[in-house]
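Here's the structure, in structure tokens; my notes come after.
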Amino acid sequence: MSAATYKDLCIDAVDTLRLGRFWSEVLARELREPRQDGLVQLTGPTERHRVWINPVPEPVSVKQRVHLDVHAASVADVLAAGATPLDLESFPWKVLRDPEGGELCVFEREVVPSERLYELGVDSADPERVGTWWADVLGSHVEGDPGEGWVSVPVPGAPFESLVFVRVPEPKTVKNRIHWDVDTPDVALLAGDGARVLREPDDDTSWTVLADPEGNEFCAFVGDS
């Protein structure tokens, strides 16, 4: 039995409607009307396709440690949706910035999968260590080559293939603007196994905010919370 299962995805934004429109088009998700608190929801075929665009006051200030990799027929389609080019030459994929400056990678396909979200890329000091931790938590396994500086963890039940942890030299300095939520039968299964609690549930929130062994924030929901 896994300690947790994937629930949904969250992206911070200063202008939630603008960024919501962008990701709605790129990911082929339905954009719901913004809530009074500014939060925007994107929906898809299942609850696990849901993406929350959360309002925050701080703009992008450093390279994102978590980013989205997406399938597209052409990078031009993603640029037309509101992205700007960052690096179109160095890799087999194209590196862009979303309308708020967050990085994303576009993988051009002759046949575009119905699920546009390909994987989540995560910067890491020790990809094998944090990848193994997430594999254990999610009841998955580690693929890839730690010697090459990266590992991949397939995510059971998620509307994308994997979490891909890639070694980088720079340390984490600010809160991640992209994180994923999980469902768990007991937060103690996570907090007692390498994660630390950042915020307990309170009168306004029913979930627990934690950080994985490298400080990546994620939210854990118990039962129907």
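The numbers here are math on the coordinates, done by the rules we state, and not lab data. Not measured: the values here are computed from a predicted model. Cβ placement follows ideal geometry from the backbone for every residue including glycine, while neighbour counts extend to all protein chains displayed.
Determine ³J(HN,Hα), in whole Hz, for all residues of the range 164-173 in sequence, where each value follows from phi through the Karplus function 6.51 cos²θ - 1.76 cosθ + 1.60 and θ = phi - 60°; x replaces Gly and Pro.
Here the 3J(HN,Hα) series is 10, 9, 10, 5, 9, x, 7, x, 6, 10 Hz.
Hey, what do the phi angles of the range 121-134 turn into as Karplus ³J(HN,Hα) couplings, whole Hz, using 6.51/-1.76/1.60 and θ = phi - 60°, x for Gly and Pro?
Per residue, the Karplus-derived 3J(HN,Hα) values read x, 10, 5, 8, 7, 9, x, 5, 5, 6, x, 5, 4, 5 Hz.
Can you list the lysines whose alpha carbon sits under 27 Å from that of Lys94, skipping same-chain ones fewer than 8 residues off?
Lys63, Lys172, Lys175
Quick one: what are the phi-derived ³J(HN,Hα) couplings along the range 141-148, Karplus 6.51/-1.76/1.60 with θ = phi - 60°, whole Hz, x for glycine and proline?
These are the phi-based 3J(HN,Hα) values: 8, 9, 10, x, 10, x, x, 8 Hz.
Antiparallel DSSP bridges in the range 5-222: what percent, to the nearest 5?
65 percent
Rg to Rh for the range 5-222: what is it, with Cα atoms only and Rh by Kirkwood?
0.94
In debye, nearest 20, what is the charge dipole magnitude of the chain about its Cα centre with +1 on Lys and Arg Cβ and -1 on Asp and Glu Cβ, if you could check?
That gives a dipole near 380 debye.
Any chance you could run the full-extension gain for Asp202 through Leu86? It's 0.36 nm times the residue separation minus the Cα-Cα distance, nm to one decimal.
37.7 nm
With just the Cα atoms defining each centre, how far is the range 179-225 from the range 95-159? Give it in Å.
21 Å
What is the calculated FRET efficiency for Ala73 to Thr43, with r their C-beta to C-beta distance and R₀ = 30 Å, to the nearest 0.05?
So the FRET efficiency works out to roughly 0.85.
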